[in-house]
Amino acid sequence: MTAAAVPLLASHWWPFGPSGHEVVVRAATPGLTGDETPDRMHDDLLRGSWSGAASWPLSPAHGDVTVDAWVGRLSDEDPMADYYVVHLATAWVHQGGLARLPAPVTLTVVSDVDALDGVHGATRSFVSGASCDDLVTLPATTAAHGREAVASVCHGYGVRLLGQDARSASWQVVRPAGLRQVELVFLQEVPHGARPTWAVTIATPAGLTARRPWDAGSVTWSTVTATLAPTT
């Protein structure tokens, strides 16, 4: 495949300026890239189902999400610090309902160690300008080492970075039906020899499908959490 630049569209919730960012279409598989060690230090699989609120007479979007959460360590020559990257390799399935209707899913990573010298980073907000089947590289997703992530997202859909700090990062997918696979990353610089752990949580809405609006109940939330820790 010949690499081509594809624009990320400006977002109403996170404006990028007049030209937007660029992503690069490439033939690749989400997973280990860059300078991480080849062995995953710890991983876990989280699964959830999502459904938007009933919007009679429209059928709410609903589907499934799988999160392969794992941690890797960047190679470095820094005698004072180590660099860890938590990966959330997410896969999304749209089972039915109108894709453009909202069904917000939130993904969160929380560390038990503060980032050293305030060095941390997370995959930034984006809206795809590519097709559903294009695999794109998300640029400059972290504050250290230029870590990149990859995604397959339909045109006009995306992920919002709600916020990040020295211990955590949180993202929201408002319309998950337009996503296929997205790799989200959170990087921390920690003191040399530190052994942080991270709690990974997905919060999914469970709306009620109703033929009549007065039969629709309020949206309830379901959460699934896993804990990651270095094992070597």
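The values are calculated or read from the model by the stated rules, or taken from the named source; none is laboratory data. Note that the structure is predicted; figures quoted are calculated from it, not measured. FYI the Cβ positions are ideal-geometry reconstructions off the backbone, even for glycines, and counts take in every protein chain you see. SASA here: full protein model, heavy atoms, side chains in, ligands and nucleic acids out. Shrake-Rupley method; radii C 1.70, N 1.55, O 1.52, S 1.80 Å.
Structure notes:
- Selected residue (only one of Thr90, Thr66 is at pLDDT 90 or above, crowded, with 22+ Cβ neighbours inside 10 Å and of a type in the set (Ser, Thr, Tyr)): Thr90
- Filtered residues of region 208-232 (kept if under 17 Å from Val113 (Cα atoms), open to solvent by 80 Å² or more (accessible area, probe 1.4 Å) and either of a type in the set (A, V, I, L, M, F, W, C) or modelled with pLDDT of 75 or more (or both)): Thr227
- Boolean, Leu98 is among the aliphatic types (A, V, I, L, M), farther than 19 Å from Trp221 by Cα and part of a loop (DSSP other than H, G, I, E, B): yes
- Wholly within region 147-207, strands (runs of 3 or more DSSP E) carrying at least 2 residues that are closer than 21 Å to Thr227 by Cα and open to solvent by 10 Å² or more (accessible area, probe 1.4 Å): 158-164, 168-173, 179-191, 198-206
- The residues of region 34-58 that are open to solvent by less than 40 Å² (accessible area, probe 1.4 Å), part of a strand (DSSP E or B) and either among the aliphatic types (A, V, I, L, M) or at pLDDT 65 or above (or both), listed by number, are Leu46, Gly48, Trp50, Ser51.
- Per the conditions (1) in contact with a Pro (Cβ under 8 Å, 6 or more places away or on another chain); (2) in a strand (DSSP E or B), the sole criterion not satisfied by Val93 is (1).
- The number of residues in region 106-131 being surrounded by fewer than 23 Cβ atoms within 10 Å (Cβ to Cβ), of a type in the set (A, V, I, L, M, F, W, C) and either assigned to a strand (DSSP E or B) or without any contact (Cβ under 8 Å) to a residue 12 or more places away in the chain (or both) comes to 1.
- Considering each residue of region 175-184 in turn, none proves to be under 16 Å from the mean Cα position of the chain (by Cα), modelled with pLDDT under 90 and charged (D, E, K, R).
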